[in-house]
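**Q** This is the structure I want to talk about, given as structure tokens.
The values are calculated or read from the model by the stated rules, or taken from the named source; none is laboratory data. Computed from a predicted model, the values in this text were never measured in an experiment. Counting neighbours? That spans all protein chains shown, and the Cβs are built from the backbone with ideal geometry, glycine included.
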Amino acid sequence: MAAPRARLIAALVLTGAGALSACTMRPQDVSEAQGLAFDQAVASVGCELRTERDYLPVELQTGLSRDQAIAMARYRMAAKQAVGLEGGGVRLTTGACAPKS
């Protein structure tokens, strides 16, 4: 049951990224402070959002709903601050999640 839901979440994130590529404005219902908290929360779970196990702590730490967390992941991808992962999911690539050289 969890695997199909995780794939659905990943698909929603990835399909929405293309729609936002022309416009990289933060989601209207997410404050700047929540956006920063999102980055910190994602870093705290290993910089990747793939499954329920990743999304739930991010939602709890930020106060964001699932839809808002997905919208933030899409926004970060559109802003080139995150990348899609093979098999679904998103990885932040800035701040504490920046690739180590």
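**Q** Filter segment 16-45 down to the residues that are of a type in the set (Ser, Thr, Tyr), modelled with pLDDT of 75 or more and more than 19 Å from Val58 (Cα to Cα) and list them by number.
**A** The one that is of a type in the set (Ser, Thr, Tyr), modelled with pLDDT of 75 or more and more than 19 Å from Val58 (Cα to Cα): Thr24.
**Q** One residue is enough: does segment 81-88 have a residue meeting the conditions at positive phi, surrounded by 15 or more Cβ atoms within 10 Å (Cβ to Cβ), touching a helix residue (DSSP H, G or I) at 6+ places or on another chain (Cβ under 6 Å) and at pLDDT below 95?
**A** yes
**Q** Those residues that are part of a loop (DSSP other than H, G, I, E, B) and either more than 11 Å from the chain's Cα centre (by Cα) or small (Gly, Ala, Ser) (or both), I need them from segment 81-92; list them, please.
**A** Those that are part of a loop (DSSP other than H, G, I, E, B) and either more than 11 Å from the chain's Cα centre (by Cα) or small (Gly, Ala, Ser) (or both): Leu85, Glu86, Gly87, Gly88, Gly89.
**Q** Still on this structure, please answer the following. Go through segment 51-73 residue by residue and tally those that are of a type in the set (Lys, Arg) and surrounded by 14 or more Cβ atoms within 10 Å (Cβ to Cβ).
**A** 1
One line per residue, one yes/no per condition, for (1) touching a His at 6+ places or on another chain (Cβ under 6 Å); (2) of a type in the set (A, V, I, L, M); (3) more than 19 Å from Met25 (Cα to Cα):
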{"residue": "Val42", "(1), (2), (3)": "no, yes, yes"}
{"residue": "Arg53", "(1), (2), (3)": "no, no, yes"}
{"residue": "Leu56", "(1), (2), (3)": "no, yes, yes"}
{"residue": "Glu59", "(1), (2), (3)": "no, no, yes"}
{"residue": "Gly63", "(1), (2), (3)": "no, no, yes"}
{"residue": "Gln68", "(1), (2), (3)": "no, no, no"}
{"residue": "Arg74", "(1), (2), (3)": "no, no, no"}
{"residue": "Ala79", "(1), (2), (3)": "no, yes, no"}
